[in-house]
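Data block below; observations after.
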Amino acid sequence: MQKLLLISLLFFVSCNSNNVQFSKAENAFDAGREFIDGTLKGDFKKAAFYMLTDSINQQFLAVQERDFRLKDKEGRQQLRTSSINIQQVEDLDSIVSIIHYNNSFDKINQSVKVIKQNNNWLVDYKYSFQKK
């Protein structure tokens, strides 16, 4: 009986594990695409993984998450099922790229800046809110 209880407990813990592992981005395009996908699908842990961690970026991502959660069920579902439309990738140099995109739901043109820092490709999200 104890073995059955132990096996059941281990199964339950493994099924409820929140330790989702994301793959390191191999290039700027991968980091940008994964970040955008995370924000569209409401997976803000994924978006944060591919984002440069600083207080301003975290604040912008928190606002994005709040806005996502305030949408009604239909609005969230439309974002989750929308496609990412990459319009242009500008490689400014070997460590900085700008990805211009929109999504098939709202079609609003947006941009994210991706930088290579400590051998990791990460989105500098605050760039998306700067005057261009």
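The values are calculated or read from the model by the stated rules, or taken from the named source; none is laboratory data. Since the model is a prediction, treat every value here as computed from it, not as a measurement. Glycine also receives a Cβ, built like all others from the backbone with ideal geometry; neighbour counts cover every protein chain displayed.
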Revision key, fill the gap. Of the conditions (1) free of Cβ contacts under 8 Å to residues at least 12 places away in the same chain; (2) of a type outside the set (Phe, Trp, Tyr); (3) under 13 Å from ALA31 (Cβ atoms), the single one that ILE99 does not satisfy is (1)
**Study point:** Positions within region 61-78 being acidic (Asp, Glu) and closer than 15 Å to PHE35 by Cα, in sequence order
**Key:** GLU65
Review point. Can you tell which of GLU74, GLU34 is in contact with a helix residue (DSSP H, G or I) (Cβ under 7 Å, 6 or more places away or on another chain) and either surrounded by fewer than 17 Cβ atoms within 10 Å (Cβ to Cβ) or part of a helix (DSSP H, G or I) (or both)?
Key: GLU34
Point to revise | Test: residue in region 90-108 that is in contact with a Phe, Trp or Tyr (Cβ under 7 Å, 6 or more places away or on another chain), at pLDDT 95 or above and more than 15 Å from ASP37 (Cβ to Cβ) | key: no
